[in-house]
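Read the figures in this text as sums done on the coordinates, not as results from a lab. Treat the numbers as computed from the prediction; the structure is a model and nothing was measured. Reconstructed Cβ throughout: ideal geometry from the backbone, glycine too, with neighbour counts over all protein chains shown.
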Amino acid sequence: MRPLYQELSFLPANYVNVYKEELPHFIVPWHYHPEIEIMYILEGTGIRFVGDSVEKYEEGDLCMVGSNLPHEWRSDRAFFEKKSNLRASCYCIFIIDKLFGVAMLNTPEMQHIKNLIECSARGIKFTGKARTEIGTKISEYAKESGASKIAKLILLLEQMATTTEYELLASVGYTKHHLDTGDFERFNKIYRYILKNFARPIRLEEVASLAGLTPNAFCRYFRERTKMTFVRYLNEIRIGHAKKLLIEGKQTIAALSMESGFNNLSNFIEQFKRSTLMSPSEYQRKYRKQTPPDVL
């Protein structure tokens, strides 16, 4: 399934655009755009697609989607019935990334927001009390204009950036964006190497040498930056690739497991279950059941 590129028509002078959508059902298909998007659902239920994440959404759903990350909020089928009185409504905030220049994002005061923007490359779902509080702020924020619109956006993003009540949506292997918060160039060199070579066995010594570290030092370095071991991270990259192949449905599970870097089918199934709590075939059936035919 291929996402559509969507060119959003904004006033050229505006770096932040806020819309309230009120429709019988959401109409934008699986798509992506360079703007960062914050989506707050006021009314409606359906399926949310963000990268390779597929989940139900309902009133109060609140997500942040990074630049060029494919996504869709697809209303339940009941919303498409002719006699339906159901409504779908939401607030959307679109942020052009040039709003925050490199110099501004690299200031100590903006570090939390910088990290938030990096994490949004995988999509972020807010949960718990934070979701309610941030949702209320978004409803109030929609009325802002002028300089206040920029100032209060920074405060809103700071609140989003400092909460612990959130989940990342797309798997680490789905996007080619790196969530690095430290020495970007060194880690990105490792990341690019993994992306280029994940389909074959990669020895720890190989990647450690890229960073100029011993294997033991590299393991500590890597865990500090990703919160997971190198082996788990590599498996997440491979599983993210396998998810895309499962969604496309053009290969057998045995064939796509090999293409994703798993030389043993049993190990692939075990690792996939550990990551998704589903077998590859269950994941594929769930996705195809929930995805409308015009999206595939």
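Some observations on this one:
- Shape of region 4-168, Cα gyration tensor, a/c cut at 1.5: prolate
- Computed over region 72-131, the percent of Cα pairs more than 17 Å apart is 62.
- Span from the region 25-92 Cα centroid across to the region 130-144 one, whole angstrom: 18 Å
- Each label point was placed 7 Å from the Cα along the Cα-to-Cβ direction; for LYS56 and MET104 their separation is 4.0 nm.
- Computed [θ] at 222 nm, helices only, for the chain once each DSSP H run of length n ≥ 4 contributes -39500 (n - 2.57): -13000 deg cm²/dmol
- Mean separation of Cα contacts under 8 Å (6+ apart) over length of the chain, as relative contact order %: 16 percent
- Gyration tensor over alpha-carbon atoms, region 184-290, equivalent ellipsoid semi-axes in Å: 28, 13, 12
- Positive-end extreme of charge dipole, the chain - chosen from VAL207, ALA170, PHE79 (charges on Cβ): VAL207
- Rounded to two decimals, the Cα-based Rg/Rh of the chain, with Kirkwood Rh, is 0.98.
- For region 184-290, the relative contact order is 22 percent, taking Cα pairs closer than 8 Å that sit 6 or more residues apart in sequence and dividing their mean separation by the residue count.
- Mean Cβ count within 10 Å, highest first, over the residues of peptides 138-150, 37-49: 37-49, 138-150
- FRET efficiency, 1/(1 + (r/R0)^6) with R0 30 Å, evaluated for LEU204 and GLU248 via beta carbons: 0.45
- Selected from MET160, MET64, MET258 as most flexible by GNM, with the chain as the system and alpha-carbon contacts under 10 Å: MET258
- Here the dipole of the chain is about 820 debye; that uses its Cα centre as origin and unit charges on the Cβ of Lys and Arg (positive) and Asp and Glu (negative).
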